[in-house]
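The structure appears right after this line, and notes come after that.
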Amino acid sequence: MDQKVTVIGTGRMGSALASALFKKGFNTTVWNRTAAKTEALSQLGLRVAHSVVEAVKEAQVVIVSLRDYNSTLQLLQHPEIEPRLHGKILVQLSSGTPMEARAMQSWTQRCGIRYLDGAIWSFPIGIGTPACLILYSGPEEYFNCSKQVLRAFGENAVWVGPEIGQAPALDYAVAGAFVPYSMFGFLQGYVLCEAENIPPAMYMQFVKDSMSILDGYLGGLFEKIQNKDYAGDQGTLEAWYNAPRGLISCGKEHGTDHSIADAQLSLMDRAIKSGNGQADFAYLYEVLKKSSG
Ligand SMILES: NC(=O)c1ccc[n+]([C@@H]2O[C@H](COP(=O)([O-])OP(=O)(O)OC[C@H]3O[C@@H](n4cnc5c(N)ncnc54)[C@H](OP(=O)(O)O)[C@@H]3O)[C@@H](O)[C@H]2O)c1
C-alpha cells in the first residue's frame, strides 16, 4: 500500500484505526497529545511523530479521531500546520454535528484541504472487521481517491452524499435517534416486566418476536409519510395514546421512572389537540417537523 497515512489521536478509536491501517500494510504514522497512548502502537511497528507538524508533513491522507471538532480545530488551525495540509485528504472521524462539519469544511476550503466527514458505526473492537460500517460525506472524488485507505477500517466504507453534513446527520438519525430510542424502550419494558414478576427470558423472547412486526410497521410509516396519507384506517393516534398513558400509570403504581412515556404522551397530545386524533401514528412526523417552542 503506497499511500502514507497519519492518524491524529490514538485514544480507543484512533488506536484501533491506526492498527487496522498498519495491518493492511499502510505506511502509518500516529500522533497523540498524551504520548504514552502511542506506546503500544510503536511496539507494533507504527511510526510515532513527536509533533503534529511532523505527523502531517509526509502524509497523503490524514485521519482525525479526537474527542470532538473543537479539539480538531484547536490542533490544526495553526499557521505552521495549515500549509502542510494543503492538497491533502483530511478525514474527520471524531463525532460531531452536521453544523460542525460545515464549519470544518469552510475552514478546510480556505486552506485548500480536501475534506471528508465520517461517522463510525462500530466499537473500536470492530474496526478492521467485516462488521464495521463507516459513513462518509463530502465530494465523491475525495472519497474515491481515499477509498483504499478507508477500506482498511472495513469493507463497509459507504459514501452517502456530497453534502458534508450528511454522514453526521445520518449518524444522529439512525445511531443517535432510532437505535437508542429502541434501547430506551427495551429498558423501560424490562423495568415494567420486573415490577410485574414477568420472567426476563420471556420478555426477551417477545421482544425478539416483535422485531418482524416492527419491520412491517416501519415500512408502513415510510409509505404513509411518502404519500402524505395519514388515514388511520388500521389504527389511530387516539388508540396509540393508550401505550404511553398505560406506561405512565404503571410507573406511578410501581414507583418507577416514566419520563420516556411522558415525552411520548406530550407529543401525541399536540397532534390530538390539533384535531388529528383519528389520524395514523405516521401523522406524528408532521408534529415533529415543527418546533415545540
Ligand atoms: N469508542 C467508540 O466506540 C466510538 C464509536 C464511534 C465514534 N467514536 C468517536 O471517536 C472519537 C474518539 O473516541 P475514543 O473512544 O477514541 O475516545 P478516547 O479514548 O477518550 O480518546 C479521545 C482522544 O481525543 C484526544 N483529545 C481530547 N481532547 C483533545 C484536545 N483538546 N487536543 C488534542 N487531543 C485531544 C485524546 O488525547 P489524550 O490521550 O491526550 O487525552 C484522545 O486521543 C470521539 O469523537 C467519539 O465520539 C467513538
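Quick grid of which residues meet (1) over 19 Å from M1 (Cα atoms); (2) in a loop (DSSP other than H, G, I, E, B); (3) of a type outside the set (K, R):
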residue: L41; (1), (2), (3): no, no, yes
residue: H50; (1), (2), (3): yes, yes, yes
residue: V56; (1), (2), (3): no, no, yes
residue: V62; (1), (2), (3): no, no, yes
residue: T72; (1), (2), (3): yes, no, yes
residue: E80; (1), (2), (3): yes, yes, yes
residue: R84; (1), (2), (3): yes, no, no
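One residue stands out among those in the stretch 9-48 that are within 12 Å of the ligand (Cβ to nearest atom) and of a type in the set (G, A, S): the one that is surrounded by the most Cβ atoms within 10 Å (Cβ to Cβ), which is A18.
Residues in the stretch 256-266 that are surrounded by 15 or more Cβ atoms within 10 Å (Cβ to Cβ) and of a type outside the set (V, I, T) were compared, and the one that is farthest from G189 (Cα to Cα) is L265. Just for helices (runs of 4 or more DSSP H) wholly inside the stretch 207-271: which have at least 2 residues that are out of contact with any helix residue (DSSP H, G or I) (no Cβ under 7 Å at 6 or more places or on another chain)? Filter on the stretch 207-271 gives 242-254, 259-271.
Of all residues in the stretch 128-149 being under 18 Å from V64 (Cβ atoms) and of a type in the set (S, T, Y), which is surrounded by the most Cβ atoms within 10 Å (Cβ to Cβ)? Among them, the one singled out is S137. List the pairs whose first member sits in the stretch 179-199 and is of a type in the set (A, V, I, L, M), whose second member is not in a helix (DSSP H, G or I), and whose Cβ atoms are under 7 Å apart, counting only residues at least 6 apart or on separate chains? Short answer, once both residue conditions are applied: V191/T256; A195/T256. Residue count for the stretch 210-228, restricted to those that are at pLDDT below 95 and charged (D, E, K, R): 1.
Applying the selection to the stretch 273-290, what residues are buried (at least 19 other Cβ atoms within 10 Å of the Cβ) and not in a loop (DSSP other than H, G, I, E, B)? Before the answer, list the steps.
Looking only at the stretch 273-290, we keep the residues that are buried (at least 19 other Cβ atoms within 10 Å of the Cβ), and these are 276, 279-284.
Selection gives N276, A279, F281, A282, Y283, L284.
Considering the stretch 77-100, and only residues there that are more than 10 Å from the ligand (Cβ to nearest atom) and in contact with a strand residue (DSSP E or B) (Cβ under 8 Å, 6 or more places away or on another chain), the residue that is farthest from S15 (Cα to Cα) turns out to be G87. For first residues located in the stretch 54-68 and of a type in the set (S, T, N, Q), partners that are part of a helix (DSSP H, G or I) and within 15 Å of the ligand (Cβ to nearest atom) and lie 6+ apart or on another chain with Cβ distances below 8 Å form the pairs S65/M13; S65/G14; S65/L17. Once the stretch 57-77 is narrowed to residues that are polar (S, T, N, Q) and closer than 25 Å to Q148 by Cα, the residue that is surrounded by the fewest Cβ atoms within 10 Å (Cβ to Cβ) is Q60. Being in a loop (DSSP other than H, G, I, E, B) and at pLDDT below 95 is a property that holds for P130.
The values are calculated or read from the model by the stated rules, or taken from the named source; none is laboratory data. Everything numeric in this text was worked out from a predicted model, so none of it was measured. Cβ: placed from backbone, ideal geometry, glycine included. Neighbour counts: every protein chain shown.
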